Amino acid sequence: MRIDSTGRTALVTGSTQGIGAAIAAGLARSGARVAINGRTEKSVGEAIERLRAEVPDGEFVPAAADVTTDEGARRVLEIVPGVDILVNNLGIFGSQPALEIDDAEWRRYFEVNVLSAIRLTRLVLPGMVERSWGRVLDIASDSAIVIPAEMIHYGMSKTALLAVSRGFAKEAAGTGVTVNSVLAGPTHTGGVEDFVYSLVDTDLPWDEAQREFMRKYRPQSLLQRLIEPEEIANMVVYLSSAQASATTGAAVRVDGGYIDSIVP
């Protein structure tokens, strides 16, 4: 199978590092023009330099704005109008005892992880429907299904994102536009390294710390290692393609078998 997204314009939120950057690189390799989004022009510019070194023939567009606000979302879409592929990747996470999560933190997680995706989808979907083609991908998490005791506010936001994806897929039914979510499992990023070390002995070497984290906090994983960002990106690139035209309203797993279920 050869995936060719030449002529398509993609927007990947939170794409200056980690999974978002890997998705941006993958989409660029497939031929898409990719808007790189972060809060500051500096972070976006540095990310594009790294991405151009990784994908020399890729076309990257700087789209610095805070998409957790209505103003920022509209600003990004002024920079890259006519988005064909929207990847709602922006998200925050962190551990906190359940009874210590206050109202403000619950709201922050909902607004960043869920409402930002709702807002952008609402803005781009009419144009996609008018053109009879479009792809919306929401990057969810295994935590949407297997709620982690140490971060239930994060799990809540990702569960909500599954409902949002399914609902917008129904809104786009029969139009040629697909809307899906991706259930990403425990993934190896810089932020996750910090998270792992917040839960295990900081004196452990990384490989040992990773194994200890998986053994103690993610024992259900069949992969028994952290997933690499490129492995998440591979699925997103496929779901963003013409070849994935019959997949919509789905929560597709790239979780290393972490979710203990035989259904997708």
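So if I place +1 on the C-beta of Lys and Arg and -1 on the C-beta of Asp and Glu, and nothing else carries charge, what would the dipole magnitude of the stretch 127-264 be about its Cα centre? I want it in debye, nearest 20. In debye, rounded to 20, the stretch 127-264 gives about 680. Using amide H atoms built 1.01 Å from N in the peptide plane, name the residues 5+ places from Ile227, or on other chains, whose amide H lies under 5 Å from its own. Sorted by chain and number, the residues that satisfy this are Thr187, His188. With the alpha-carbon atoms of the chain aligned to their principal axes, the span from lowest to highest coordinate is 50, 40, 39 Å, starting with the largest.
Mind pulling the angle between the C-alpha long axis of helix 190-199 and the longest principal axis of the chain? Nearest 10 degrees, somewhere in 0 to 90. Between the helix axis and the principal axis of the chain, the angle is about 20 degrees.
So how much slack lies between Arg225 and Arg122, counting 0.36 nm per residue of separation and subtracting their Cα-Cα distance, in nm?
33.4 nm
Angle of helix 206-217 to the longest C-alpha principal axis of the chain, folded into 0 to 90 degrees and rounded to 10: 80°. Using a probe of 1.4 angstrom and keeping all protein chains present, the accessible surface of the stretch 52-197 works out to 42 square angstrom per residue.
Here the extension length gained between Ser43 and Glu171 equals 42.6 nm, from 0.36 nm per residue of separation less the Cα-Cα distance. Which percent of the accessible area of the chain is formed by carbon and sulfur heavy atoms (probe 1.4 angstrom)? So the carbon and sulfur contribution to the accessible surface is 51 percent.
Using the Cβ of Arg215 as centre and a radius below 12 Å, the other residues enclosed give a net charge of +2, where K and R count +1 and D and E count -1.
Around Val182, what is the net charge, scoring Lys/Arg as +1 and Asp/Glu as -1 over all other residues with Cβ under 14 Å from its Cβ?
On the way: positive: Arg135, Lys158, Arg166, Arg253; negative: Asp138, Asp142, Glu230, Glu231, Asp255.
Cβ neighbours under 14 Å give a net charge of -1.
Here the gap between Thr247 and Leu204, fully extended at 0.36 nm per residue and compared with their Cα-Cα distance, gives a gain of 11.2 nm.
The values are calculated or read from the model by the stated rules, or taken from the named source; none is laboratory data. Computed from a predicted model, the values in this text were never measured in an experiment. We place every Cβ from the backbone using ideal geometry, glycine too, and count neighbours over all the protein chains shown. What goes into the accessible areas is simple: the full protein's heavy atoms, side chains included, and nothing from ligands, DNA or RNA. Shrake-Rupley method; radii C 1.70, N 1.55, O 1.52, S 1.80 Å.
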